[in-house]
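Accompanying notes for the structure given below.
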Amino acid sequence: MDHAEKPSHAYKIQAGDGFIIMERYREFKSFAAHLPIPTRGDRSPTDKMRITVSCPNIKTYLDNPEQFLPEKVTCLNNPEHRPHHHTGWERFFVVDHVEKVLIPMFRWYCRACKESISIWPEFVLPYQPEGVETHELAVVDHLAGKSFVETARELGYDPRTVAQWVARIIGQAFSLVPKVIGRMLQDMPNSSLPLSPAVAIESVKVLLAWLREWAEFVNFTRTNRLIGLCNLLGQGHWPIWGAPPGRPRLSG
Ligand SMILES: [Zn+2]
């Protein structure tokens, strides 16, 4: 089944998710040190440490953002370091690609590394004010054959911005696929999904298919937020979908 044929807004969201993925997330944290991937080398020296946390939606986050903070923040460079709660900041977030709000963000600081560690709700992307759903919608629309103009019209953005998002996602997916598949094969060794895409656009389809299979495996029901799931899986080591953006242009 080609999951990429489905537009993301057609995915069914089931009730009752939220805690299971959090359990899996804690498991990942506890054995992440033993994984062959990701490694320190996956992050460029200019990347700040970034930890993604599971969070069902913007409203729940805004009601009480601190409930989503990890109990203990681990330094990604060295788990023996002891980061301390540092400070917070506010950033813009565009809810449902329409309403722009300020949301609180939190960060820790590791004195040993002289680096901060920021905590990101899974639906928020570094640099990008739009949520993962918006970016994912754009790329799934593109895979389904929709034009940038059509997607942009529905979102209220300029087609050039949508094209930039899609180009970045495709570009990043190509290098990300081996890491993601390597990680998922540890839990789903008998998966029959394709392993190595030949061309860049195929890499996005392969990546989304693997993420969707993984989502079912861990009961991650927010399947229009597979990029968010990918961020959770990456544990801050995969610098994805958060590259410095270029300025988004609104239509009209
Ligand atoms: Zn450190």
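Read-outs throughout are calculated quantities, based only on the coordinates presented, and are distinct from any laboratory measurement. Just so you know, these numbers come straight off a predicted model, no measurement behind them. Neighbour counts run over all protein chains shown; Cβ positions are idealised from the backbone, glycine included.
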Determine ³J(HN,Hα), in whole Hz, for all residues of segment 102-110 in sequence, where each value follows from phi through the Karplus function 6.51 cos²θ - 1.76 cosθ + 1.60 and θ = phi - 60°; x replaces Gly and Pro. 8, 10, x, 10, 10, 9, 10, 9, 9
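So which of LYS59/LYS100; LYS59/LYS146; LYS48/LYS72; LYS48/LYS100; LYS72/LYS114 end up more than 21 Å apart, counting from Cα to Cα? Walk me through the numbers before you get to the answer.
Values: LYS59/LYS100 13 Å; LYS59/LYS146 30 Å; LYS48/LYS72 18 Å; LYS48/LYS100 25 Å; LYS72/LYS114 18 Å.
Pairs exceeding 21 Å: LYS59/LYS146; LYS48/LYS100.
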Please list, in chain and number order, the residues 5+ apart from ILE51 or on another chain whose amide H is under 5 Å from its amide H, with Hs placed from the backbone. SER118, ILE119, TRP120
Between VAL95 and residues 5 or more places away or on another chain, the pairs with built amide H atoms under 5 Å apart involve LYS100, VAL101
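When THR74, THR60 are ordered from fewest to most other Cβ atoms inside 10 Å of their Cβ, what list results?
On the way: THR74 22, THR60 14.
With the fewest neighbours first, THR74, THR60 line up as THR60, THR74.
If contacts are Cα pairs under 8 angstrom and at least 6 residues apart, what is the relative contact order of segment 84-171 in percent? Intermediate results must be reported in sequence, preceding the final value.
Values: 111 pairs, mean separation 18.8, N = 88.
21 percent.
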Points 7 angstrom from Cα along the Cβ direction at ALA112 and SER147: gap in nanometres? 5.6 nm
Nearest-20 debye value, segment 59-129 charge dipole, Cβ charges on Lys, Arg, Asp, Glu: 300 debye
Give, in nm to one decimal, the length gained when the segment between HIS86 and GLU216 is fully stretched (0.36 nm per residue of separation minus the Cα-Cα distance). 43.2 nm
